[in-house]
Structure formats: structure tokens, C-alpha cells
Amino acid sequence: MKEQTQYQIVIKAYDKLGALERILRVIRHRGGHIESMQMQTIENNILIMTLILTTERSFSTLQNQVAKLENVIVIE
């Protein structure tokens with residue numbers, strides 16, 4: 001079994017119907033396990049999510065797949 005590596009990721013996205021669910025679904029499908037999540041909505045209906053997650057798979061693949069989602073603005 002591969003070792004689980006922990007990452008912190010900040011995602012900014014437009015707060016549109018279903019955007020949060022799509023982001024979380026992609027993370028789950030790409031093998032991410034969310035350890036903690038902090039989310040807030042700021043002006044102009046922008047979501048800012050700070051996630052600490054672990055994964056055995058490639059983190060860059062997970063990042064790239066989340067970045068392709070329609071409402072995602074930036075991943076840091």
C-alpha cells in the first residue's frame with residue numbers, strides 16, 4: 001500500500017448551483033480524502049475553499065481535473 005501524502009489546497013470558484021458538489025465529487029473520484037475543509041463566500045458570489053486532503057494518487061492529476069471544472073477560477 002502506498003503512503004498517504006497530505007496536501008493543502010485553496011480553490012476559488014463561482015458560487016453557482018452545484019459547484020461545490022462537483023468539486024468535492026472530482027476530489028473523491030481522483031482518490032482524495034478530505035481531512036478538513038473551510039469554506040466561505042465573499043463578494044460577487046465567490047467561494048473560497050481551503051482543504052487539507054490526503055491521497056495515494058498523483059496530486060497534480062487531481063489539481064488539473066478540479067481546475068477543468070466550469071466554475072473554478074483558480075487553485076493555489
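Worth pointing out:
- Test result for Ile23, on the phi < 0 side of the Ramachandran plot and assigned to a helix (DSSP H, G or I): yes
- Complete set of residues in the range 15-31 that are open to solvent by 50 Å² or more (accessible area, probe 1.4 Å) and not basic (Lys, Arg): Asp15, Leu17, Glu21, Leu24, His29
- Matching residues in the range 48-67 - criterion: being of a type in the set (Val, Ile, Thr) and closer than 23 Å to Gln38 by Cβ: Ile48, Thr50, Ile52, Thr54, Thr55, Val66
- Within the range 1-31, tally of residues that are small (Gly, Ala, Ser), in contact with a strand residue (DSSP E or B) (Cβ under 6 Å, 6 or more places away or on another chain) and within 20 Å of Ile73 (Cα to Cα): 2
- All positions within the range 56-74 that are open to solvent by less than 40 Å² (accessible area, probe 1.4 Å) and either among the charged types (D, E, K, R) or over 15 Å from Arg25 (Cβ atoms) (or both): Phe59
- All strands (runs of 3 or more DSSP E) inside the range 30-76 with 3 or more residues being free of Cβ contacts under 8 Å to residues at least 40 places away in the same chain: 33-42, 46-55
- Residue in the range 43-50 that is surrounded by 12 or more Cβ atoms within 10 Å (Cβ to Cβ) and among the acidic types (Asp, Glu) present: no
The values are calculated or read from the model by the stated rules, or taken from the named source; none is laboratory data. Being a predicted model, the structure only gives us computed values, none of them experimental. Cβ atoms come from the backbone with ideal geometry, glycine included; neighbour counts cover every protein chain shown. Ligands, DNA and RNA are stripped out before the accessible areas are found, and what is left, the full protein with its side chains, is counted by its heavy atoms. Shrake-Rupley method; radii C 1.70, N 1.55, O 1.52, S 1.80 Å.
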